[in-house]
Amino acid sequence: MANSYRVMWVLFLLVQFLCNRAADGSHILANIKEHLESVPATVIDNKYRTGYHFQPRNMWMNDPNGPMYYKGFYHLFYQYNPNHAFWEAPIWAHSVSKDMINWEALEPAISMSKPFDLSGCWSGSTTILPGNRPVILYTGIDTRGYQVQNVAYPKNLSDPYLREWVKPDYNPLITPPEDINVTKFRDPTTAWLGPDRRWRLVIGGLRKHRGMAVLYKSKDFIRWIRAKHPLHSAPDTGMWECPDFYPVSTEGKLGVDTSDYRNGLKHVLKISLDRDRWDYYTIGSYNYTAEKFVPDGMMVDNRTGLRYDYGNYYASKTFFDVATKRRILMGWSNESDSKIDDIVKGWAGILTVPRAIWLDANGRQLVQWPIKELEKLRGALFSVQNKKLQSGGLVEISGISAAQADIEVDFELSNLAKAETFDPLWTDPQKLCEENDSDVKGGVGPFGLLTLASDKREEQTAVFFRIFKATHKYVVLMCHDPSRSSLRPGLYKPTYGGFVDIEIQKNGKISLRSLIDHSVVESFGGEGRTCMTSRIYPTLAVGDSSHLFVFNNGAEDVKILKLDAWEMRKPLMNGE
Ligand code: DQQ
């Protein structure tokens, strides 16, 4: 009953909203009404809210903005619409945390108030200036609709919560240059100091079809001068949103300050490609004198390139955590239900868990792993060791709450002889996963987890590997298959896939970790070499009715060397 009141209430608000906005909204209203009336009541509640992933109490969120550490607190800002559960003229919401797991919501840091941001406060970053003085750089949408770059400073540096932010009158700092589209010039990075003690930052931009990281320099953080060339650009890639540029060490897992210019560091340039809505990165060398970033030989800037996450993941941002010397990555995982579902739910958008990120020892890619603070939430444990899974085998992981869990499993493959032959034309891992779901029997694999599964497995989201034999090596494919994740008709349920760059023949072992949290499955394959995130909306596999299995549908036996599955507790989440 409460649910139908909610539908009516939402409908009423929606009608009011659309009547105020659009004179010709009647056809939209008819569609919305029709759709709302067809939404089964079971959908309209909070069962899809996550337990331990970052999300605001309500309404819409998208990109993480300007994460940083200041005086004992982690600060996170994010794109937020306080009025509706859909994107519209965002502001910078603000939360703080001692551990990046428990979050306290504060008042918004930046809202529309000045001619240089009256139409929206879009994404950006923070920089810590000498003397431990944080500054926000963000894109304001001005009264003409132009994208301009602004700064804001804390009002009171002795307040570790940094509750109030002030926008100096000398904003905007940077307006779109003539050759760049005025509505495609946004998302300033964290600024870094070069050996010449000049600040640098890049802004995502588009010139014709060329995506670019437009470079600016400044002595005083007030007057910014455009460099002759972009830091990097690539033809036919479309708009580069939310660029992120930072150094990484070639040894070990520790992070490096964004302004570190020691010899021997590599650099990473991440871009969020608006065309594909995925986050790509390249690793390469940064030449301060030429003011150029040059990706390493094999690295490409397009949709065949490396991705932080091969699933529902976008607009990510890293920061250097001075307290623990880690580089931490956070990304936005959008809903994959409909806009109407979001309005009815009253919320949309989560962040993936904070991940520590470092360069793989082979230098070919980054490795990511959930920050160790997450482990504080681990509760009841189910363990299995040395258990053989024969072809067709299925083991249920019982005794823990499978809808809010953290699972780590090491698989061992004693024999790769049955691995199917890999066709070198198979360059698209997502397609390969689509064509071979978890029911398609293989030689070595598919094996992995069935997450958010209903009792009889009418619903399940498979997370699995398949091993192929190429001419001189083995190829490991990792997939997320949510095609059977929900009995609800009409949901968008894309399959995701990525190759895992490991030499499986060396010891025959491969690890998988999956973070399951009601409407999200976030997985880390090959010790964090390939990551993917899916949003899931089951109807049966909900709460205590959710099950978790390990399966093997390959011809070859697989051994579960070690499996630990923890139920996860709920942290403090923005006052929920
Ligand atoms: N989201 C922001 C933009 C950014 C985009 C607006 C990426 O600044 O380019 O909410 O999701």
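The values are calculated or read from the model by the stated rules, or taken from the named source; none is laboratory data. What you see is a predicted model, and the numbers here were worked out from it, not measured in a lab. Positions of Cβ are generated from backbone atoms using ideal geometry, with glycine treated the same way; all protein chains shown enter the neighbour counts. Calculation scope for accessible area: heavy atoms of the full protein, side chains included, ligands and nucleic acids excluded. Shrake-Rupley method; radii C 1.70, N 1.55, O 1.52, S 1.80 Å.
Measuring from a point 7 Å past the Cα of residue 182 along Cα-to-C-beta, which residues in the range 143-164 have an amide N at less than 13 Å? Within reach of a label on residue 182, which here means backbone N under 13 Å from a point 7 Å along Cα→Cβ, the range 143-164 contributes 143-148.
Note that the range 113-266 presents 43 Å² accessible area per residue, ligands and nucleic acids not counted, probe 1.4 Å. Dipole orientation for the chain: of the candidates 51, 343, 295, 295 has the Cα lying most toward the positive pole (charges on Cβ; Lys, Arg +1; Asp, Glu -1). If only the Cβ of Lys and Arg carry +1 and only the Cβ of Asp and Glu carry -1, the dipole of the chain around its Cα centre is close to 1340 debye.
On the beta carbon distance between residue 207 and residue 408, with R0 = 35 Å, the FRET formula returns roughly 0.15.
For residue 197, the accessible surface of its heavy atoms amounts to roughly 130 Å² (probe 1.4 Å, protein chains only, rounded to the nearest 10).
The accessible surface of the chain, taken with every protein chain in place and a 1.4 Å probe, is 52 percent carbon and sulfur. Over the Cα atoms of the range 59-369, what is the Rg over Rh ratio if Rh follows Kirkwood? Ratio value, two decimals: 0.93.
Could you provide, to the nearest whole Å², the per residue accessible area of the range 375-568 with probe 1.4 Å? Mind dumping the intermediate values first?
On the way: 7380 Å² over 194 residues.
Solvent-accessible surface per residue comes out at 38 Å².
For the chain, averaging the sequence separation of C-alpha pairs within contact (under 8 Å, six or more residues apart) and dividing by the residue count gives a relative contact order of 14 percent.
With R₀ fixed at 51 Å, the C-beta to C-beta distance from residue 158 to residue 386 puts the FRET efficiency at about 0.35.
Please list the equivalent ellipsoid semi-axes of the chain, computed as the square roots of five times the alpha-carbon gyration tensor eigenvalues, in descending order and whole angstrom. Present the calculation step by step, with values, prior to reporting the outcome.
Numbers: eigenvalues 284, 188, 95 Å².
So the three semi-axes of the chain are 38, 31, 22 Å.
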